Amino acid sequence: MNTTTNYSELYESFSRRLFYYAQKFVDKDSAYDIIQDVFVTLIDQNKQLDPSTIKSYLFLSVKNRCLNHLEHKSVQGRHADQLRHEIELEEVSFMDRQEQSLIEQNLIKRLEQKVQDLPGKCKEVLLLKEKEMLKNKEIAIILGISIKTVEKHLHRARQLLRDDLMKYRDLICLLIKKNQ
């Protein structure tokens, strides 16, 4: 299988199926690129493959490249988020008090919106606890639920808020430091 003709025949035989297979993992353009890369690598390495294993080799190669592509995109997304946060922190360090106040107001609005988006009982329990300053026992009596259930709703509400607002942690800490 050293000739260009054999590689062309191999490409014609498998490219369409490999393309549809790759699209199970990645978008159309990426699938096309991955198929091309697999065949270019096959030609460059001048691999001698057993005809009985060529199909498995090609599909496994495409799958692995798709997974690598997805992992690479995930890493890029994390780096982009980190860079975005670093830029925000840098901007805050040069802001005056009025600009900082606007950021604080936006963060507060975000928090208030996230509280409103909480599931029913979680939101109700959290508001009774934090706004009304009620004890867990008092909340349990008002809502007719056990204290343990109140604790579970509080834990879930706080976890949901924490997960969402975690991406603003550095910005919040910098604002707190600048206000001290």
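The values are calculated or read from the model by the stated rules, or taken from the named source; none is laboratory data. Source: prediction; values computed, not measured. Neighbour counts run over all protein chains shown; Cβ positions are idealised from the backbone, glycine included.
Which condition does Leu174 not pass, out of (1) modelled with pLDDT under 75; (2) within 30 Å of Phe25 (Cα to Cα), if it passes all the others?
Among (1) modelled with pLDDT under 75; (2) within 30 Å of Phe25 (Cα to Cα), the lone unmet condition for Leu174 is (2).
Restrict the check to region 42-50 and report whether at least one residue is surrounded by 11 or more Cβ atoms within 10 Å (Cβ to Cβ), modelled with pLDDT of 85 or more and not in a loop (DSSP other than H, G, I, E, B).
For region 42-50, residues surrounded by 11 or more Cβ atoms within 10 Å (Cβ to Cβ), modelled with pLDDT of 85 or more and not in a loop (DSSP other than H, G, I, E, B): absent.
Which of the residues that make up region 3-37 are at pLDDT 90 or above, of a type in the set (S, T, N, Q) and under 13 Å from Ser61 (Cβ atoms)?
Matches in region 3-37: Gln36 only.
I want to confirm something. Restricting to region 81-117 and keeping residues that are loosely packed, with under 14 Cβ neighbours inside 10 Å and among the β-branched types (Val, Ile, Thr), which single residue is modelled with the highest pLDDT?
The extreme case among them is Ile108.
Could you list, in sequence order, all residues of region 138-152 that are exposed (fewer than 11 other Cβ atoms within 10 Å of the Cβ) and either part of a helix (DSSP H, G or I) or hydroxyl-bearing (Ser, Thr, Tyr) (or both)?
If the condition is that a residue be exposed (fewer than 11 other Cβ atoms within 10 Å of the Cβ) and either part of a helix (DSSP H, G or I) or hydroxyl-bearing (Ser, Thr, Tyr) (or both), then Lys148 is the only one that fits.
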